[in-house]
Amino acid sequence: MGRRWRDGRGELVVQGDGGGPSVRVRLEIATSYRARTKGLLGRDSVDGAILLSPANSVHTFRMRIPIDVAYLDRGLRVIAVRTMRPGRLGMPRLRARHVLEAGAGAMSAWGVRKGARVEVVVPA
């Protein structure tokens, strides 16, 4: 299930629990080394979420805000969700292939939790 995205924008779709409504969120996609390295550095807020791919860990050194981090496997199922304050180093997740970052508290509101499935929609 190889996914090939390019740097740019898209939409994150979080599947609702038990057939409930899904949540759609603005998404920034960072796949190049340069875009992944920059990530959320230097920003005062996050509009939606950012997807880092490939990635299995993150850090918050030089960040100004706390963030939620979701580790995703190859099938875009959430392995773990953590909130990280600035100046922290996240533990690598062995099965993680992608990482989602958003402002602290956002993922809980969207229903992103361990075991949830997400979808990345990129305009044609």
**Message:** Out of the residues in the range 19-47 meeting the condition of being touching a strand residue (DSSP E or B) at 6+ places or on another chain (Cβ under 7 Å) and small (G, A, S), tell me which one is surrounded by the fewest Cβ atoms within 10 Å (Cβ to Cβ).
**Reply:** S45
**Message:** If L27 meets every condition in (1) touching a Gly at 6+ places or on another chain (Cβ under 6 Å); (2) modelled with pLDDT under 80 apart from one, which number is that one?
**Reply:** (2)
**Request:** Go through the range 7-18 residue by residue and tally those that are in contact (Cβ under 8 Å) with a residue 40 or more places away in the chain, part of a loop (DSSP other than H, G, I, E, B) and open to solvent by 50 Å² or more (accessible area, probe 1.4 Å).
**Result:** 1
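Yes/no matrix, rows are residues, columns are (1) more than 14 Å from V23 (Cβ to Cβ); (2) open to solvent by less than 30 Å² (accessible area, probe 1.4 Å):
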residue	(1), (2)
V69	yes, yes
L72	yes, yes
G75	yes, yes
R88	yes, no
R95	yes, no
A104	yes, no
G111	no, yes
E119	no, no
V122	yes, no
**Asked** Does T60 satisfy being among the polar types (S, T, N, Q) and buried (at least 20 other Cβ atoms within 10 Å of the Cβ)?
**Response** yes
**Prompt:** Would it be correct to say that R9 is within 19 Å of V120 (Cβ to Cβ) and basic (K, R)?
**Reply:** yes
**Request:** Quick one: which residue in I79, I65 is over 19 Å from E11 (Cα atoms) and assigned to a loop (DSSP other than H, G, I, E, B)?
**Result:** I65
**Prompt:** Limited to the range 19-62, what total is found for residues that are more than 13 Å from E101 (Cβ to Cβ), assigned to a loop (DSSP other than H, G, I, E, B) and over 14 Å from the mean Cα position of the chain (by Cα)?
**Reply:** 8
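The values are calculated or read from the model by the stated rules, or taken from the named source; none is laboratory data. Since this is a predicted model, take the numbers as computed values, not measurements. All Cβ positions, glycine included, derive from the backbone under ideal geometry; neighbour counts span all protein chains shown. The accessibility values were calculated without ligands, DNA or RNA, using every heavy atom of the protein model including side chains. Shrake-Rupley method; radii C 1.70, N 1.55, O 1.52, S 1.80 Å.
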